[in-house]
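Below is one structure, written out as structure tokens; comments come after it.
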């Protein structure tokens with residue numbers, strides 16, 4: 001593991017939030033404007049993050065045991081009482097070990113069983129080695145390799161939102 005990535009230390013996020021209230025406070029401190037989040041009937045609501053480095057590379061997770069058939073994907077999780085912004089921050093830390101700042105709303109899209117709000121984010125710190133059990137690996141991928149690495153068609157709308165015309 002390098003000591004720094006794009007000039008930011010790759011070190012454990014030692015003062016991270018530990019409770020839902022603390023995650024909500026963090027989300028409120030960096031709150032971004034976003035449209036209403038309306039999920040279709042019979043879909044769970046979820047939130048996720050696309051974290052892009054200044055050099056254009058993007059962080060992905062390889063779910064443990066290729067959960068859901070995903071070889072690689074973006075971190076996300078079901079809203080379990082937290083706001084979508086707080087959920088996105090929690091999931092990025094739990095699945096990638098990263099501390100991020102949400103930059104803007106990226107896209108709302110249907111997944112297999114969820115309707116997920118994705119945010120574009122930038123990394124403030126953290127360490128991918130601190131990923132949780134849900135991830136088998138954390139990948140920092142060049143944007144040109146995303147289509148080859150993301151094997152599930154559910155990720156295509158996100159890639160389209162990241163295209164030069166969409167992001």
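The values are calculated or read from the model by the stated rules, or taken from the named source; none is laboratory data. Since we're looking at a predicted model, the values are computed, not measured. No Cβ is skipped: glycine too gets one built from the backbone with ideal geometry, and neighbour counts run over all protein chains shown.
Among residues belonging to the stretch 67-92 that are in a strand (DSSP E or B) and farther than 16 Å from residue 156 by Cβ, point out the one that is farthest from the chain's Cα centre (by Cα).
78
Anything in the stretch 9-30 that is touching a residue at least 60 places away in the same chain (Cβ under 8 Å) and either part of a helix (DSSP H, G or I) or farther than 28 Å from residue 141 by Cβ (or both)? List them, or say none.
Once the filter is applied, which keeps residues that are touching a residue at least 60 places away in the same chain (Cβ under 8 Å) and either part of a helix (DSSP H, G or I) or farther than 28 Å from residue 141 by Cβ (or both), the stretch 9-30 yields 20, 23, 24, 26, 27.
Looking for something touching a residue at least 40 places away in the same chain (Cβ under 8 Å), in a strand (DSSP E or B) and more than 20 Å from residue 104 (Cα to Cα) - is there at least one such residue anywhere in the stretch 146-166?
No, every residue in the stretch 146-166 fails to be touching a residue at least 40 places away in the same chain (Cβ under 8 Å), in a strand (DSSP E or B) and more than 20 Å from residue 104 (Cα to Cα).
Inside the stretch 72-96, can you point out the residues that are out of contact with any helix residue (DSSP H, G or I) (no Cβ under 7 Å at 6 or more places or on another chain) and more than 16 Å from residue 34 (Cβ to Cβ)? Walk me through it before giving the result.
So the first thing to find is which residues in the stretch 72-96 are out of contact with any helix residue (DSSP H, G or I) (no Cβ under 7 Å at 6 or more places or on another chain), and the list is 78, 80, 84, 87-88, 91-95.
Passing the criteria: 78, 80, 91, 92, 93, 94, 95.
Which residues, taken from the stretch 17-31, are modelled with pLDDT under 95 and touching a helix residue (DSSP H, G or I) at 6+ places or on another chain (Cβ under 7 Å)?
Within the stretch 17-31, 31 is the sole residue that qualifies.
Keeping to the stretch 126-138, report how many residues are part of a strand (DSSP E or B), buried (at least 18 other Cβ atoms within 10 Å of the Cβ) and on the phi < 0 side of the Ramachandran plot.
Counting residues in the stretch 126-138 that are part of a strand (DSSP E or B), buried (at least 18 other Cβ atoms within 10 Å of the Cβ) and on the phi < 0 side of the Ramachandran plot gives 2.
Determine which member of the set 102, 79, 89 is under 18 Å from residue 28 (Cβ atoms) and free of Cβ contacts under 8 Å to residues at least 40 places away in the same chain.
Of 102, 79, 89, the one residue that is under 18 Å from residue 28 (Cβ atoms) and free of Cβ contacts under 8 Å to residues at least 40 places away in the same chain is 79.
Please enumerate the residues belonging to the stretch 127-140 that are modelled with pLDDT of 90 or more and within 14 Å of the chain's Cα centre (by Cα).
128, 138, 139, 140, listed by residue number.
Can you find a residue that is surrounded by fewer than 18 Cβ atoms within 10 Å (Cβ to Cβ), at pLDDT below 95 and in a loop (DSSP other than H, G, I, E, B) anywhere in the stretch 93-116?
For the stretch 93-116, residues surrounded by fewer than 18 Cβ atoms within 10 Å (Cβ to Cβ), at pLDDT below 95 and in a loop (DSSP other than H, G, I, E, B): present.
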